[in-house]
Amino acid sequence: MEQLQITSATPDSALLDLPWRTPLVDWPADVLAALPRGISRHVVRFVRLDGRVLAIKEISESVAFREYDLLRQLRKLEIPAVRPVGVVTGRRDDDGEPLEAALVTEHLAFSLPYRAVFSQALRPDTAARLIDALAVLLVRVHLVGFYWGDVSLSNTLFRRDAHQFAAYLVDAETGDLHRELTRGQREYDVDLARTNIIGELFDLEAGELLDEEVDAIAIGDALLSRYAELWEALTGVESFGSDERWRVAARIEQLNDLGFDVGELSITTDIDGTTVRIQPQVVDAGHHSRRLFRLTGLDVQDNQARRLLNDLDSYVAATDRQEDDPQLVAHDWSQNVFQPTIRAVPRELRRKLEPAQLFHEILDHRWFISEQAGRDIPMPEATASYVENVLRHRRDEKAILGLPPGEPDREGDVDIVDMDAGPDAAPEDDHFHLST
């Protein structure tokens, strides 16, 4: 008789306690977590286990292992995507009939499926920010040679990133990893994304969740133009005269402003030396987040990092420490500004937003009330005002989004992504097997 087997790079014996002998659609409410629903071809459920939330998707064994391996490879390539936990095989019901395998992934705290973002009528600027985030994600996966095959809002999760959103790949089931994508593969992926997004927006329009000013087709077209703009900025060849070499530094600065680091530039000149051609060879996302991490140890989204770095620069100027060691100044900023601000937020309210997002919104609130008051409001006063007038009225975005407390997600169909694994996470090169 076939035994239940769990294949995982990070084994957890508590997984054996879940009701694997029951079809996923019939799992009892006492093991389910209340999370917002999305759209999927498969049955997906969320469970709470040992203080974390997992997503479990029923799927055929071969597809489960293939997606599991793809997701592991994407994480090694530092693509924001699902963190795979394991694959469960050998499932049988109480009558001995075989059940489908299950892919287990870990939930990403503070993530928002697009329908949760649209819980109120979607404004045009919000739609544009979501499309921008998806375009950046699509460029990133294409740069590493990943063909997605099913790009859509439903297969993406979004995290607040200062005034923008950051997008995370959810479903790799239809994807494939290549050494390099052809232009045709990229164009097909982008065109499919446009078609899917327009369909999803029409669906929202039918549910009266779309602002009347939002043009679904124009939003879909915007993805094409935004993707083309980013791809050209990151990979395009630029030619200029030999007396304009300042444009090399300008190109690097442009890529940094987009949030990307240039690991290498290919620079060639004509035989007579009159024309210079440059092209980025290695482009990595997360320029600002890496700089902030090096200075402070804070690991945040890239736009959040940009905002925190701006505040750090203001601190440097205000304390007249331009000549001091940057890491020492950054440490003092963290100890005297960032950490006290976060600690000033009541503990029960901190879970509503990520710390970096909290700090960003407090800075925005400080600017707003300072303008109203006609004076510079101190940070502690601004924090207290934000907590009482804004944060207490915000919904909790850490875990339960859009559902009443205690209500299980009985039709949950969202795959989950996670980018929270820290340096102490178990290595993903070795697999362990649990069985009963």
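Odds and ends about this structure:
- Near pairs, Cβ below 7 angstrom, 6+ apart or cross-chain, from region 356-380 (closer than 18 Å to R306 by Cβ and among the charged types (D, E, K, R)) to any residue that is at pLDDT 90 or above and not in a loop (DSSP other than H, G, I, E, B): E361/Y386; R366/M379; R366/A382
- The condition (being assigned to a loop (DSSP other than H, G, I, E, B), open to solvent by 50 Å² or more (accessible area, probe 1.4 Å) and closer than 25 Å to V144 by Cβ) is satisfied by just one residue among R226, R194, R179: R179.
- Residue ID - nearest to the chain's Cα centre (by Cα), chosen from residues in region 235-254 that are in a helix (DSSP H, G or I) and of a type in the set (K, R): R251
- Tally, over region 210-223, of residues that are surrounded by 15 or more Cβ atoms within 10 Å (Cβ to Cβ) and either of a type in the set (V, I, T) or on the phi > 0 side of the Ramachandran plot (or both): 2
Residue by residue, here is whether (1) more than 21 Å from the chain's Cα centre (by Cα); (2) modelled with pLDDT under 95; (3) over 21 Å from V43 (Cα atoms) holds:
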site	(1), (2), (3)
K76	no, yes, yes
P80	no, yes, yes
V85	no, yes, no
P98	yes, yes, no
H107	no, yes, no
A116	no, yes, no
A121	yes, yes, yes
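- Restricting attention to region 53-96, the residues that are farther than 22 Å from A166 by Cα and not small (G, A, S) total 20.
- Across region 342-359, the qualifying residues are those that are under 14 Å from P380 (Cα atoms) and not charged (D, E, K, R), and the one among them that is surrounded by the fewest Cβ atoms within 10 Å (Cβ to Cβ) is P346.
- When the residues of region 138-162 are filtered to those that are open to solvent by 10 Å² or more (accessible area, probe 1.4 Å) and farther than 23 Å from D221 by Cβ, the one that is farthest from the chain's Cα centre (by Cα) is V144.
- Restricting region 364-391 to residues that are assigned to a helix (DSSP H, G or I) and either open to solvent by less than 20 Å² (accessible area, probe 1.4 Å) or touching a Pro at 6+ places or on another chain (Cβ under 6 Å) (or both), the residue that is farthest from A109 (Cα to Cα): S370
- Options A102, A55, A64: the member that is of a type in the set (A, V, I, L, M), under 27 Å from the mean Cα position of the chain (by Cα) and under 19 Å from W148 (Cα atoms): A64
- Flag set for P80, criterion: open to solvent by less than 20 Å² (accessible area, probe 1.4 Å) and either over 26 Å from R21 (Cβ atoms) or touching a Gly at 6+ places or on another chain (Cβ under 7 Å) (or both).
- Condition check for R91: charged (D, E, K, R), surrounded by 16 or more Cβ atoms within 10 Å (Cβ to Cβ) and more than 19 Å from V151 (Cα to Cα): yes
- Residue check for T174: outside any helix (DSSP H, G or I), on the phi < 0 side of the Ramachandran plot and at pLDDT 90 or above: yes
- Inter-residue pairs, beta-carbon under 6 Å, first open to solvent by 10 Å² or more (accessible area, probe 1.4 Å) and in region 297-313, second small (G, A, S) and outside any helix (DSSP H, G or I), 6+ apart: Q301/A166; D302/G259; D302/G286; N303/A162; R307/A162
- Test: residue in region 273-282 that is modelled with pLDDT of 85 or more, of a type outside the set (D, E, K, R), loosely packed, with under 15 Cβ neighbours inside 10 Å and over 30 Å from Q335 (Cβ atoms): no
- Count of region 79-100 residues which are in contact with a Lys or Arg (Cβ under 7 Å, 6 or more places away or on another chain) and part of a strand (DSSP E or B): 5
- Residue list for region 182-191, restricted to those being assigned to a helix (DSSP H, G or I), open to solvent by 40 Å² or more (accessible area, probe 1.4 Å) and not aromatic (F, W, Y): R183, G184, Q185, E187, D191
- Within the span defined as region 336-348, one or more residues are among the β-branched types (V, I, T) and touching an Asp or Glu at 6+ places or on another chain (Cβ under 8 Å).
- The requirement of being free of Cβ contacts under 8 Å to residues at least 24 places away in the same chain and either over 19 Å from Y168 (Cα atoms) or in a strand (DSSP E or B) (or both) is fulfilled nowhere in region 67-78; no residue meets it.
The values are calculated or read from the model by the stated rules, or taken from the named source; none is laboratory data. It should be emphasised that the depicted structure is a prediction, and the values quoted were computed from it without experimental measurement. Ideal geometry is used to build each Cβ from the backbone, glycine not excepted, and the neighbour counts take in all protein chains shown. Heads up: the accessible areas ignore ligands, DNA and RNA and are worked out on the full protein's heavy atoms, side chains in. Shrake-Rupley method; radii C 1.70, N 1.55, O 1.52, S 1.80 Å.
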